[in-house]
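To start, the structure under review is shown below, and the notes come after it.
The values are calculated or read from the model by the stated rules, or taken from the named source; none is laboratory data. Quick caveat, the model's predicted, so the values are computed rather than measured. Neighbour counts are summed over all protein chains in view; Cβ atoms, including those assigned to glycine, are modelled from backbone coordinates with ideal geometry.
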Amino acid sequence: MKRFALTLAALAFPAALWAESYPDARSIVSIGGPVTEIVVALGQQDRLVARDTTSQYPPEIEALPDVGYMRQLSAEGVLSVAPDLIITRNTAGPVEVLDQLRAAAVPIVEVEDGFTPEAVVNAIRVVGAALGTHDAAEALATKTEADFAALASERAKGAAPAKVLFILSNQNGRLNVAGRGTGADGIIGLAGAENVMGAEFEGYRILNDEALAAAAPDVVLMMDRQEDHSADADTILSLPALAQSPAAARHGFVKINPAALGFGPRTAEFARVLHLAFADAMQAEN
Amino acid sequence: MVALSQMDEGGAPAIRPGDRRARARGLRAGLAVLLGFVMLVSLGWGAADDTRVLAAIGARLGLAEASLRDITIIWDIRMPRMVTAALVGASLAVAGAVMQGLFRNPLADPGLVGVSAGAGLGAVAAIVLGGFLPAALAAFTGAYLVSFAAFLGGWASVIVLYRIATRGGHTSVATMLLAGIALGALTGALTGFIVYRANDDQLRDLTFWGMGSVAGATWAKLVAAGPIIACALVAAPFLARGLDALSLGEPVAAHMGIHVQKLKRIAVLTVAASVGASVAITGGIGFVGIVVPHLLRLVQGPEHRTLLPNAALLGAILLLIADIISRTVVAPAELPIGIVTATLGGPFFLWILLRNRAILES
């Protein structure tokens with residue numbers, strides 16, 4: 001009977017309202033780039049004692065100890081920084097390590113991963129509740145929602161959506177490209193464009209040249225990494241698979257910040273910049 | 001020729017069997033002491049260096065007070081890791097020595113009978129396809145699905161290989177080697193096919209699984225895999241006399257009264273069980289199975305009766321040291337242990353090899 005009442009309560013209240021709250025936590029480990037960004041955006045970076053390898057923004061955060069890659073955490077490593085709260089993306093692991101951390105009486109707040117504006121706003125509320133900063137979180141959530149709304153109206157004014165191909169990496173001429181259910185697919189959609197591979201498959205795949213040629217993208221999108229010389233516009237657009245595409249004809253090549261692939265407080269801004277970049281690329285008519 | 005090369009070495013004395021045995025016994029005592037010491041270090045030293053070790057140990061025994069954090073670090077993190085590293089190191093080293101004796105080939109390792117490839121296939125399948133399991137089964141296996149699948153894969157692939165190589169009650173070592181290569185290629189292709197279907201997160205998991213780690217060690221896994229490894233370790237010395245006889249060739253061993261077929265069967269199954277169980281908890285850890293037996297042969301000679309126990313001790317020590325390094329050197333993060341064993345073991349093995357090349361080349 002009691003359990004039934006609890007279930008009812010769980011159904012009646014949205015997740016954010018009865019999310020766990022630890023306002024007194026002063027030694028927090030933040031795991032996952034977007035989670036860390038939210039903590040910082042809420043002005044709580046002084047409460048962080050460690051972060052994971054994927055947390056690299058803002059740059060000051062890199063001064064904190066690094067507990068390793070978020071899917072390969074070490075229980076003793078995390079405990080060595082004496083955390084009283086761990087906020088993490090729900091894709092972190094391994095599961096055994098999270099179990100060991102729970103056994104050591106360290107509360108863990110998990111933030112749902114997702115590539116939609118709703119997921120970002122929800123993550124802000126969950127992190128805000130965990131930190132006990134409801135007001136700041138509500139303000140940030142409202143601002144973020146407004147940003148996404150502004151983006152949507154800007155998107156509506158745009159012309160026909162560009163067909164975009166996101167290339168994760170160029171492996172010696174073989175291209176690893178994004179399908180649906182990826183951060184790239186999400187940000188392309190938010191920027192008012194269409195992922196040419198969105199209907200084809202899920203995740204990232206190395207595609208054969210003929211499938212790429214058939215997709216005929218208007219714009220090629222890649223991550224902006226200084227060290228990666230195989231990702232130059234000319235190198236990519238002269239590959240046989242893309243040489244005949246509209247993208248090669250109009251030199252439609254755009255680079256984005258790698259951080260845009262993880263959805264966080266900066267996502268609306270990334271999408272806005274990307275929207276403008278796509279419009280520019282489409283305008284450079286042949 | 002032998003005398004000449006020994007003179008080149010600056011008059012290194014010829015080692016008589018009696019000396020070797022005495023040397024091996026001395027080595028065993030030394031290694032046992034060293035193992036005890038390394039286990040203590042492993043328990044007492046880690047990333048969380050403010051842990052009050054003695055109090056935490058005492059707390060579970062009702063002798064002292066300690067925080068829940070310290071108790072967890074000692075009893076549920078460091079202790080299962082220590083036991084796992086020791087057991088797995090011992091099992092890999094002994095399995096390597098047994099395989100080298102059985103195949104009479106210095107390069108043999110458990111991978112030859114398909115354990116590693118099969119376990120790899122099992123693990124990859126579990127990581128990538130685990131989500132497709134019926135909910136009831138997934139709830140039953142839970143976090144241990146990967147370990148379970150790795151053990152099953154390793155075991156199944158050895159059984160298949162053994163069946164292929166056995167005809168009319170005789171197992172051909174040559175057929176087993178060659179069929180092992182064919183089966184390895186097939187398993188590799190299947191693994192590759194599943195890897196191709198994996199998503200980004202799963203790919204990362206796969207990469208790390210291949211580099212091995214003792215980090216996921218828990219009491220629950222030890223309770224499942226530990227007894228299998230322990231049984232294999234206890235059984236191994238009974239193979240020693242047979243393996244020593246086998247080094248003279250199968251016909252001679254048979255004339256000496258060794259039941260060669262039985263020996264092969266027990267050796268293969270022992271290795272499959274212990275390595276399968278080891279790989280299941282720690283993922284792929286290379287190198288221990290080759291380096292440890294060779295190192296010992298250089299020092300104490302090839303006799304299995306003394307080689308197997310010492311290999312167990314040295315394997316345990318080596319993996320414990322590698323684990324201590326892997327969890328402290330980049331703390332609070334952690335290096336995969338396979339990287340450490342190869343980085344340490346490679347140059348060290350080369351050094352020993354170059355110093356003793358006269359013995360090897362004579």
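Some points to look at:
- All positions within segment B:203-214 that are among the charged types (D, E, K, R) and either at pLDDT 80 or above or surrounded by fewer than 18 Cβ atoms within 10 Å (Cβ to Cβ) (or both): B:Arg204
- For segment B:323-349, residues that are among the small types (Gly, Ala, Ser), over 20 Å from B:Thr207 (Cα atoms) and either buried (at least 19 other Cβ atoms within 10 Å of the Cβ) or within 14 Å of chain A (Cβ to nearest Cβ) (or both) total 2.
The rows are residues; the columns are (1) within 14 Å of chain A (Cβ to nearest Cβ); (2) surrounded by fewer than 19 Cβ atoms within 10 Å (Cβ to Cβ); (3) under 24 Å from the mean Cα position of the chain (by Cα); (4) among the aliphatic types (A, V, I, L, M).
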{"position": "B:Tyr144", "(1), (2), (3), (4)": "yes, no, yes, no"}
{"position": "B:Phe148", "(1), (2), (3), (4)": "yes, no, yes, no"}
{"position": "B:Phe151", "(1), (2), (3), (4)": "no, no, yes, no"}
{"position": "B:Val158", "(1), (2), (3), (4)": "no, no, yes, yes"}
{"position": "B:Leu183", "(1), (2), (3), (4)": "no, no, yes, yes"}
{"position": "B:Thr187", "(1), (2), (3), (4)": "no, no, yes, no"}
{"position": "B:Gly192", "(1), (2), (3), (4)": "yes, yes, no, no"}
{"position": "B:Asp201", "(1), (2), (3), (4)": "yes, yes, no, no"}
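- Residue within segment B:41-57 that is out of contact with any Cys (no Cβ under 6 Å at 6 or more places or on another chain), within 24 Å of B:Leu296 (Cα to Cα), away from chain A (no Cβ under 12 Å) and not in a loop (DSSP other than H, G, I, E, B) present: yes
- Taking segment A:63-90 as the range and being part of a loop (DSSP other than H, G, I, E, B), charged (D, E, K, R) and either within 19 Å of A:Leu42 (Cα to Cα) or touching a Cys at 6+ places or on another chain (Cβ under 9 Å) (or both) as the test, only A:Asp84 passes.
- Given (1) within 14 Å of another protein chain (Cβ to nearest Cβ); (2) part of a helix (DSSP H, G or I), index of the condition B:Leu320 fails: (1)
- In summary, helices (runs of 4 or more DSSP H) completely within segment B:215-292 and bearing 3 or more residues that are surrounded by fewer than 19 Cβ atoms within 10 Å (Cβ to Cβ) and under 19 Å from the mean Cα position of the chain (by Cα) occur at B:219-235.
- Segment A:157-191 - residue that is more than 17 Å from the chain's Cα centre (by Cα) and crowded, with 18+ Cβ neighbours inside 10 Å and, of those, nearest to the other protein chains (Cβ to nearest Cβ): A:Leu175
- Against the conditions (1) farther than 21 Å from B:Ser213 by Cα; (2) facing another protein chain (nearest Cβ under 8 Å); (3) of a type in the set (Ser, Thr, Tyr), A:Tyr69 satisfies every one except (1).
- Some residue of segment B:26-47 being of a type in the set (D, E, K, R), at pLDDT 85 or above, closer than 26 Å to B:Thr306 by Cβ and out of contact with any Gly (no Cβ under 8 Å at 6 or more places or on another chain): yes
- When the residues of segment A:198-225 are filtered to those that are within 14 Å of another protein chain (Cβ to nearest Cβ) and assigned to a loop (DSSP other than H, G, I, E, B), the one that is surrounded by the fewest Cβ atoms within 10 Å (Cβ to Cβ) is A:Asn208.
- Note on segment A:91-126: residues that are within 13 Å of chain B (Cβ to nearest Cβ), among the β-branched types (Val, Ile, Thr) and out of contact with any strand residue (DSSP E or B) (no Cβ under 7 Å at 6 or more places or on another chain) amount to 3.
- Residues satisfying the stated conditions in segment A:72-90, i.e. more than 7 Å from chain B (Cβ to nearest Cβ), over 17 Å from B:Arg78 (Cβ atoms) and without any contact (Cβ under 8 Å) to a residue 60 or more places away in the chain: A:Pro83, A:Ile86, A:Ile87, A:Thr88, A:Arg89, A:Asn90
- Members of segment A:213-246 that are within 25 Å of the chain's Cα centre (by Cα) and either over 28 Å from A:Ala152 (Cα atoms) or among the small types (Gly, Ala, Ser) (or both): A:Arg225, A:Gln226, A:Glu227, A:Asp228, A:His229, A:Ser230, A:Ala231, A:Asp232, A:Ala233, A:Ile236
- Count of segment A:47-59 residues, restricted to those that are more than 14 Å from every other protein chain (Cβ to nearest Cβ) and within 21 Å of A:Arg125 (Cβ to Cβ), is 2.
- Selected residue (only one of A:Asn176, A:Asn170 is part of a strand (DSSP E or B) and out of contact with any helix residue (DSSP H, G or I) (no Cβ under 9 Å at 6 or more places or on another chain)): A:Asn176
- Verdict on B:Thr218 being hydroxyl-bearing (Ser, Thr, Tyr) and without any contact (Cβ under 8 Å) to a residue 24 or more places away in the chain: no
- If you go through segment B:327-362 and pick out every residue that is over 27 Å from B:Gln300 (Cβ atoms) and hydrophobic (A, V, I, L, M, F, W, C), you end up with 6.
- Looking only at segment B:302-322, residues that are closer than 19 Å to B:Val38 by Cα and either among the β-branched types (Val, Ile, Thr) or surrounded by fewer than 21 Cβ atoms within 10 Å (Cβ to Cβ) (or both) come to 2 in all.
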